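Report on one structure; see the data block that follows.
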Amino acid sequence: MSTLKTENLKQYLTPFNIVVGIILLLGGFVTILRFTKGLGAVTNLTDNYPWGLWISFDLLCGVALAAGGYTTSAACYVFGLKRFHSAVRPAILTAFLGYALVVFALHYDVGRPWRLPYPFFVQSGPTSVLFEVGLCVFLYLITLFIEWVPSALEWLGIRKPRDIIVKATLALTIFGVVLSTMHQSSLGALFLIAPSKMHPLWYSSYIPLFFFVSSIAAGLSMVIFESTLSHHYMHDKMDETYLKEHDGVTYGFAKGAAMVLVLYFFIKVVGLTLDNNWSYLLTGYGAWYLLELLGFVALPAFLYAIAVREKKLTLIRWTAVLTVLGIVLNRFNVSLVAFNWHLPPEMRYFPRWHEFVVSIFVVTIGLLVFRFIASRMPIFYEHPDFKEHEARELEEHELKPHPQTWGH
Amino acid sequence: MQRRTFLGLLGAAGIGAAVTKTAQAASVQHFEGYPDSYGVLFDATRCIGCRSCEAGCNQINGLPAPHKPFDDLSVLAKKRRTDAKTFTVVNRFDQIPGVAGAVFRKDQCQHCLEPACASACFVAAFTKTPQGAVIWDESVCVGCRYCMIACPFEIPTYEYNEPLTPRVMKCHMCHPHITSGKATVPGCVGACPTEALVYGKRTDLLAIARQRFAAFPDRYVNHIYGEREMGGTNWLYISGVPFRYIGLREDLGVTPAPELTSGALAAVPIISAAWPVLLTGIYAINKRRDKIAAEEKKQAVKEALAKAQAKAKEELDKALAKAEAEKKSAIEREVKKALEEAAKAQAEADKGQTEEGE
Ligand code: SF4
Ligand code: SF4
Ligand code: SF4
């Protein structure tokens with residue numbers, strides 16, 4: 001009896017499980033601390049720095065990196081690139097989990113999390129950019145959930161509601177693109193209200209556009225990055241279509257990301273010129289800005305282009321990582337480095353370890369849920385009973401804008 | 001509206017960001033403040049840095065006792081800001097060019113005419129009252145702290161150590177005390193021993209400031225800080241030294257905070273109206289392209305099929321014709337053969353008859 005127990009225990013004590021276990025324990029500990037002692041006990045936030053790591057990483061980066069959902073489904077269903085079809089489901093699942101985790105993480109950050117629905121149901125502040133962000137994220141989370149539901153229904157073998165949702169694919173996709181355009185750009189627009197607190201190199205009236213365009217690059221790169229990981233760890237779950245299309249998806253997305261990054265680079269330079277900020281480039285902040293612009297925008301654009309031309313999959317994958325890091329760097333630069341640059345160094349913010357724990361905790365939960373779902377539901381493969389349905393039903397679907405898309 | 005929305009779209013699309021800014025500054029009439037609203041005038045030439053106003057504020061608002069008592073002036077050695085237990089602070093500014101001693105300035109909410117905090121709050125927890133004060137409503141605040149990001153004067157503070165019911169804390173110009181009749185002037189104003197603070201109608205305060213400028217032209221910088229800064233504020237400052245030396249930013253501009261985001265917000269209805277049409281259009285084009293391709297394919301197949309059928313028919317006809325011909329010749333052959341045979345039989349019979357007859 002006892003030997004059986006230790007056997008079982010040993011089986012579960014893989015390095016992966018141990019690390020995950022530690023993270024979950026620490027996360028639980030900080031969670032308790034947060035809700036018993038307050039933000040002051042677990043963060044380095046001050047009255048000058050009301051937003052820290054949880055907003056920079058969990059919200060700004062989280063939303064940007066979850067952009068793979070709308071970019072992939074738009075490419076496949078709106079722009080008619082059917083060869084990306086097998087990439088849609090994993091991208092939708094990641095986006096759905098990404099947004100769900102953004103909202104989950106916000107519960108740590110805001111003072112009274114149970115009031116998060118207040119802006120929509122109790123009293124609205126429509127003059128606030130944050131209101132727009134909140135509303136779009138809220139609606140988009142619902143949209144993503146609906147888009148994901150067919151996977152779950154196929155897994156459970158329920159056909160009727162699944163078929164109805166699949167018929168609405170196009171409407172859902174367009175609705176998702178509209179919402180994403182608005183909140184991705186609005187996350188940048190959040191900072192428009194504080195020109196006096198932002199370094200001029202990162203403050204620009206174009207910042208909504210920067211955030212939107214860079215989110216596309218981030219989304220495409222995340223799809224490449226995730227599919228690489230999934231390929232490695234969930235190979236046995238993938239069907240022939242997925243595997244066959246995989247390289248094509250990677251090349252296609254890399255090409256798209258290269259073009260978007262070039263566009264992003266140019267509008268950044270145009271913004272720099274129109275705001276007449278070239279002189280700042282000679283300062284320390286300027287060097288940091290150039291590192292971001294050249295090392296994490298221009299370089300990946302160039303590498304993507306080369307890798308696509310030379311058909312180098314490995315290079316594409318590493319470039320995807322570089323791009324993602326670049327977007328993360330940008331969001332940190334805007335919200336932490338450029339923000340409050342006028343303050344003396346001793347008053348500036350650096351996250352406390354508890355804050356890192358919560359962010360890692362949230363990402364870990366995301367990974368676990370993704371693994372749970374992807375290893376059970378038809379994500380990387382088409383369910384045999386539902387095969388080929390999707391494409392055909394979409395074809396037959398009447399072309400009518402969904403009423404929802406109009407009523408924002 | 002039309003024009004604003006259009007510019008807003010450009011602004012959000014980034015195309016005409018610079019255009020938006022100048023156009024708004026030139027054309028959009030901004031709010032001049034409630035006509036009879038009240039405010040406070042702070043005169044830096046009169047302030048002696050005694051911290052009585054801090055004490056008065058603390059007392060009237062029942063705030064927790066500070067670490068060091070209010071008559072301890074050693075706290076002035078370091079620049080302080082408002083915090084969750086302090087709605088107002090006095091700071092000392094030394095080493096100002098051309099000034100022998102120190103100059104002091106009191107800091108608290110400026111009660112902007114068009115407050116950044118109010119425009120930023122997504123539950124509209126802030127209200128600009130017609131009396132002039134900007135007040136905050138605890139019953140709806142979510143605690144997102146965007147108001148703190150937005151305020152250009154770095155005023156709102158937060159109770160970070162409250163786990164479940166943290167509040168945003170800031171000066172409310174004693175609005176609740178004055179409306180309830182508990183006080184006739186703000187606590188800080190009443191506590192000031194040198195009349196460095198004057199409470200009154202904003203228009204009167206502006207006039208008082210100008211009178212002082214006229215009476216003592218050498219004593220003052222000829223500018224009322226807050227008359228136009230960030231679109232104007234109800235709390236006003238006059239000073240004998242440039243305002244940047246007493247911790248007031250001179251680079252804030254006169255654009256009210258709500259205008260900074262109005263362009264981006266105006267794009268919302270446009271995106272939500274134009275995007276679906278555009279995307280549906282793109283989809284339709286792609287679908288059409290696919291359909292045309294499919295149709296062409298179908299057509300080609302049909303033609304090929306027709307051709308093949310025609311050819312097959314031709315062959316069949318040929319074969320039939322051949323078969324027919326063959327059949328005909330076969331019959332003919334048979335008939336001929338039969339006739340021949342009949343003729344032969346006839347001949348035989350004739351021959352037999354003659355033989356018999358012989
Ligand atoms: S000073 Fe700051 S807190 Fe006070 S009204 Fe203006 S924006 Fe709001
Ligand atoms: S912290 Fe409260 S008052 Fe401030 S913006 Fe958020 S909800 Fe509004
Ligand atoms: S007006 Fe009232 S709340 Fe504001 S600083 Fe003065 S005493 Fe404090």
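The values are calculated or read from the model by the stated rules, or taken from the named source; none is laboratory data. Here the structure is a predicted model, which means the values were calculated and not measured. Glycine gets a Cβ as well: all are built from the backbone with ideal geometry, and neighbour counts include every protein chain shown. Each accessible area value is taken on the protein alone, full model and side chains, heavy atoms only, with ligands, DNA and RNA left out. Shrake-Rupley method; radii C 1.70, N 1.55, O 1.52, S 1.80 Å.
Miscellaneous remarks
- Estimated at 0.36 nm per residue, the fully extended path between residue A:20 and residue A:155 surpasses their Cα-Cα distance by 45.9 nm.
- Residues B:136, A:341, ordered by accessible area of protein heavy atoms at a 1.4 angstrom probe radius and largest first, appear as A:341, B:136.
- Just so you know, the Cα atoms of chain B work out to an Rg and Dmax of 48.5, 182 Å.
- Ranked order, B:335, B:185 - accessible area, probe 1.4 Å, largest first: B:335, B:185
- Förster radius 41 Å - calculated FRET efficiency between residue B:203 and residue A:318 (Cβ-Cβ, nearest 0.05): 0.05
- Under the criterion of Cα pairs below 8 Å and six or more residues apart, the relative contact order for the range A:180-303 equals 29 percent.
- Efficiency of FRET between residue B:244 and residue A:235 - r from beta-carbon atoms, R0 45 angstrom, step 0.05: 0.10
- Positive contributions from Lys and Arg (+1) and negative ones from Asp and Glu (-1), summed over other residues with Cβ under 13 Å from the Cβ of residue B:185, come out at +1.
- Kirkwood hydrodynamic radius of the range A:168-221, from the reciprocal of the average inverse Cα-Cα distance over all distinct pairs: 12.2 Å.
- Spatial separation of Cα centroids for the range A:307-322 and the range A:324-391, in angstrom: 22 Å
- Relative contact order for chain A, counting Cα pairs under 8 Å that sit 6 or more residues apart, in percent: 27 percent
- To the nearest 10, the accessible area of residue B:68 is 100 Å² with a 1.4 Å probe.
- Dimensionless Rg ratio for the range B:176-295, taking C-alpha atoms and the 2.2 N^0.38 Å reference: 2.04
- Chain B: relative contact order as a whole-number percent, Cα under 8 Å and 6+ apart: 22 percent
- Heavy-atom accessible surface of chain A: percent carbon and sulfur, 1.4 Å: 71 percent
- Put a plus charge on the Cβ of each Lys and Arg, a minus charge on the Cβ of each Asp and Glu, and nothing anywhere else: the dipole of the protein assembly as shown about its Cα centre is then about 2120 debye.
- Solvent exposure of residue A:317, expressed as accessible area, is near 60 Å², computed with a probe of 1.4 Å over the protein chains only.
- Accessible area per residue for the protein assembly as shown is 48 Å², calculated with a 1.4 Å probe on protein heavy atoms, without ligands, DNA or RNA.
- Cα gyration tensor shape of the range B:251-290, rounded if a/c is under 1.5, else prolate or oblate by comparing a/b with b/c: prolate
- Separation between Cα centres of the range A:206-284 and the range B:224-260, rounded to whole Å: 42 Å
- Counting only protein chain heavy atoms and rolling a 1.4 Å probe, the accessible areas of A:235, A:246 rank, largest first, as A:235, A:246.
- Cross-link pairs beyond the 28 Å C-alpha cut-off, checked among A:82/A:312; A:312/B:298; A:167/B:302; A:82/A:268: A:312/B:298; A:167/B:302; A:82/A:268
- Inter-part distance, the range B:52-110 to the range A:54-91, computed on C-alpha centroids, equals 51 Å.
- Considering all different alpha carbon pairs of chain A, the Kirkwood hydrodynamic radius works out to 22.6 Å.
- When all alpha carbon pairs of the protein assembly as shown are counted in 10 Å bins from zero, the resulting P(r) reads 2, 12, 19, 20, 15, 10, 7, 4, 2, 2, 2, 1, 1, 1, 1, 0, 0, 0, 0 %.
- For the chain pair A and B, the interface hides roughly 5800 square angstrom of accessible area in total, found with a 1.4 Å probe.
- The heavy atoms of residue A:353 offer some 130 square angstrom of accessible surface to a 1.4 angstrom probe.
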